[in-house]
1. Working carefully through the options 189, 221, find the one that is out of contact with any strand residue (DSSP E or B) (no Cβ under 6 Å at 6 or more places or on another chain), surrounded by 13 or more Cβ atoms within 10 Å (Cβ to Cβ) and touching a residue at least 60 places away in the same chain (Cβ under 8 Å).
2. Specify the residue that is nearest to residue 8 (Cα to Cα); the eligible residues are those in segment 250-259 that are modelled with pLDDT of 95 or more and in a loop (DSSP other than H, G, I, E, B).
3. I'm checking my understanding of the structure. Among residues of segment 60-70 that are touching a strand residue (DSSP E or B) at 6+ places or on another chain (Cβ under 9 Å) and surrounded by fewer than 16 Cβ atoms within 10 Å (Cβ to Cβ), which one is nearest to residue 97 (Cα to Cα)?
4. Quick check on my filter: what residues within segment 59-98 are assigned to a strand (DSSP E or B) and either assigned by TED's automatic domain parsing to the domain that holds residue 252 or farther than 29 Å from residue 248 by Cα (or both)?
5. In the set 16, 7, which member is in a strand (DSSP E or B), crowded, with 18+ Cβ neighbours inside 10 Å and at pLDDT below 95?
6. Looking at (1) closer than 24 Å to residue 130 by Cβ; (2) part of a helix (DSSP H, G or I), which one does residue 105 not meet, given that it meets all the others?
7. Can you go through 80, 92 and tell me which one is in contact (Cβ under 8 Å) with a residue 12 or more places away in the chain and more than 25 Å from residue 131 (Cβ to Cβ)?
């Protein structure tokens, strides 16, 4: 089976699966602008050299998912054969990222086509440009992973079912669960206001980083996250990478969430960078 090249644009914060353990939803685009979702990916159990970053080109053998009806979803034929082969940086005024993501791939400015596409099962990944950012909010949620999922993961690990290479067991620890859900409120080109949850890995990592600098105040850490995502990013040409949630795809009034944030500079900001 020939390998495909995918430019990684999305890594969500890890979640737990009874079947797969700790998993990361990864998405990206091919050179022609078409989308690919990779799930499940045991990201933190990959070899260090194969732990791709955002905007890395990877090569891997992909096969359509048999358990996920969403049209862009694939799984890795063999995670051990995944390779990082290149990286797209921000040099030349972000030219290559802009070309691949905002030119080769379609950019939506209205939510209705996305809702229609999810309902018809023709679309589950997209780039979206909000017309106005209204707010960035957070809501407290469960602070610990579901114990049933943790127990199932430990049982699978003890039986050697999670990954063929056993070396990862010696140092692997679960990623801490985020105690807050983050969301953007925004309006689209029709003036339609919406609120979508942000599942981006970088959002969670920023929270933990800010908490280290304000160890006695989660509120202060949350305000720092909001400062970046609301005020700093609002001053850029902000785009969202959107994806649908499998359990709501095809029937929910709005199954979309923000799985990545793309705060590219405005054209008139380019010369200042």
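The values are calculated or read from the model by the stated rules, or taken from the named source; none is laboratory data. In this text the structure is predicted, and so the values were computed from the model without any measurement. So basically every Cβ, Gly included, is an ideal-geometry build from the backbone, and we count neighbours across all protein chains shown.
1. Values: 221 fails: touching a residue at least 60 places away in the same chain (Cβ under 8 Å).
Only one candidate passes the filter, namely 189.
2. So, considering only residues that are modelled with pLDDT of 95 or more and in a loop (DSSP other than H, G, I, E, B), the one nearest to residue 8 (Cα to Cα) is 255.
3. 61
4. Residues satisfying the conditions are 59, 83, 84, 85, 86, 87.
5. Criteria check complete, one pass: 16.
6. (2)
7. Within the list 80, 92, the selection yields 80.
Condition check ((1) more than 16 Å from the chain's Cα centre (by Cα); (2) buried (at least 18 other Cβ atoms within 10 Å of the Cβ); (3) in a strand (DSSP E or B); (4) not assigned by TED's automatic domain parsing to the domain that holds residue 125) across all residues:
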residue	(1), (2), (3), (4)
26	no, yes, yes, yes
33	yes, no, no, yes
36	no, yes, yes, yes
54	no, yes, no, yes
